[in-house]
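Take a look at the structure below.
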Amino acid sequence: MKHFSQFLFLVLFLSKLSAQTTSTFESASLPDSSYWNGSDGSATGFESGNAWFPTVWDTSFGGYWSSGFALSTMHDTVTAGFTNQYSAITGSGENGSAGYGVNYNDGYFLLTGSAKGQSLQGAFITNSTYSFLSMKSGDAFAKKFGGENGSDPDFFCIVFKGYENNVENEDSVVFYLADFRSENSNEDYIIKDWTWVDLSLLGEVDSVAFYFMSSDVGSFGINTPKYFCMDNLITNEEEPNGMASIQSVNSLKIYPNPSAGLIHIN
């Protein structure tokens, strides 16, 4: 039974590591076609799943959302400009869900609970309506991507960096929200759908920082509206009860023993 015992231990060990939690960004108190940005002073962020997403509401100049994450159930995919900064270009959350997160400016999010210090699976990301339409057609502050003849090698991306105990991990993940750098213009794109971004390369983390990069830069920095939308962030977590099932190994019947490969477990 030695080999079977080792096999069972491996299966149980892997199951211990496979527990996951999803940050869905759903809020039961948020009505349809609305958003929360911290302006009510109720909180400086929110928790979803095993992650904390900060929200910064600046009270100067009458108050404005200066950075961080907002919760949204907005559907507007056609209105261009700053007044529509809380909508995803998809018109809903991933897989048609109601809620999702919208981030403005460079920022970060924290892992909480049993996910802290573990690796990430990833998240679904897409453009905001504001950013998408700005890159597609240009506006008063930002250029049309590709230029008038479509040949400008424009790009807009997010760089994710993982941290553990305030120490930056070596690897980073770069996700292009738009990329016009190919010599073949047919390969140019602006992200319009929820797209899975694998964040496992960041390693074991307790926080993730991110910043934007763009080809459209002016005297005050990036001209492209610095937004992205996120949904269904999946974190790994250490399952405290996973190894307890080892106590029941003695009640299992495994046959035939020895086996050439095929075994039966009752």
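Filter the strands (runs of 3 or more DSSP E) completely within the range 107-194 down to those with at least 1 residues that are of a type in the set (Lys, Arg).
Values: elements: 107-111, 120-126, 155-164, 167-179.
Answer list for the range 107-194: 155-164.
Looking only at residues in the range 45-61 that are open to solvent by 50 Å² or more (accessible area, probe 1.4 Å) and either assigned to a strand (DSSP E or B) or touching a strand residue (DSSP E or B) at 6+ places or on another chain (Cβ under 8 Å) (or both), the one that is farthest from Gly101 (Cα to Cα) is Trp57.
Among the residues of the range 196-220, which ones are assigned to a loop (DSSP other than H, G, I, E, B) and in contact (Cβ under 8 Å) with a residue 60 or more places away in the chain? Give the derivation first.
Step one: filter the range 196-220 for residues assigned to a loop (DSSP other than H, G, I, E, B), giving 199, 203-204, 206, 215-216, 219-220.
Scanning the range 196-220 gives Leu199, Gly203, Glu204, Asp206, Ser215, Asp216.
Yes or no: Ala88 of a type in the set (Gly, Ala, Ser), farther than 21 Å from Ala43 by Cα and open to solvent by 60 Å² or more (accessible area, probe 1.4 Å)? When the stated conditions are applied, Ala88 does not pass them. Residues that are touching a Leu at 6+ places or on another chain (Cβ under 8 Å) and either at pLDDT below 95 or not polar (S, T, N, Q) (or both) do occur in the range 170-177, at least one of them. Annotation: Ser92 fulfils all but one of (1) part of a loop (DSSP other than H, G, I, E, B); (2) under 28 Å from Val217 (Cβ atoms); (3) without any contact (Cβ under 8 Å) to a residue 60 or more places away in the chain; the unmet one is (2).
Scanning the range 124-157 for residues that are in contact with a helix residue (DSSP H, G or I) (Cβ under 9 Å, 6 or more places away or on another chain), open to solvent by less than 10 Å² (accessible area, probe 1.4 Å) and either under 22 Å from Phe69 (Cα atoms) or without any contact (Cβ under 8 Å) to a residue 12 or more places away in the chain (or both) returns Thr126, Asn127, Ser128, Thr129, Phe156. Name the single residue, out of those in the range 18-39 being modelled with pLDDT of 95 or more, open to solvent by less than 60 Å² (accessible area, probe 1.4 Å) and part of a loop (DSSP other than H, G, I, E, B), that is farthest from Thr59 (Cα to Cα). Checked the range 18-39; the qualifying residue farthest from Thr59 (Cα to Cα) is Thr24. Only one entry in Val205, Val174 is open to solvent by less than 50 Å² (accessible area, probe 1.4 Å) and in contact with a strand residue (DSSP E or B) (Cβ under 7 Å, 6 or more places away or on another chain), namely Val205. Considering the conditions (1) touching a strand residue (DSSP E or B) at 6+ places or on another chain (Cβ under 9 Å); (2) open to solvent by less than 10 Å² (accessible area, probe 1.4 Å), Gly117 is excluded by exactly one of them, (2).
Which residues, taken from the range 62-84, are surrounded by 20 or more Cβ atoms within 10 Å (Cβ to Cβ) and polar (S, T, N, Q)? The answer is Ser72, Thr73.
The values are calculated or read from the model by the stated rules, or taken from the named source; none is laboratory data. Being a predicted model, the structure only gives us computed values, none of them experimental. Reconstructed Cβ throughout: ideal geometry from the backbone, glycine too, with neighbour counts over all protein chains shown. Each accessible area value is taken on the protein alone, full model and side chains, heavy atoms only, with ligands, DNA and RNA left out. Shrake-Rupley method; radii C 1.70, N 1.55, O 1.52, S 1.80 Å.
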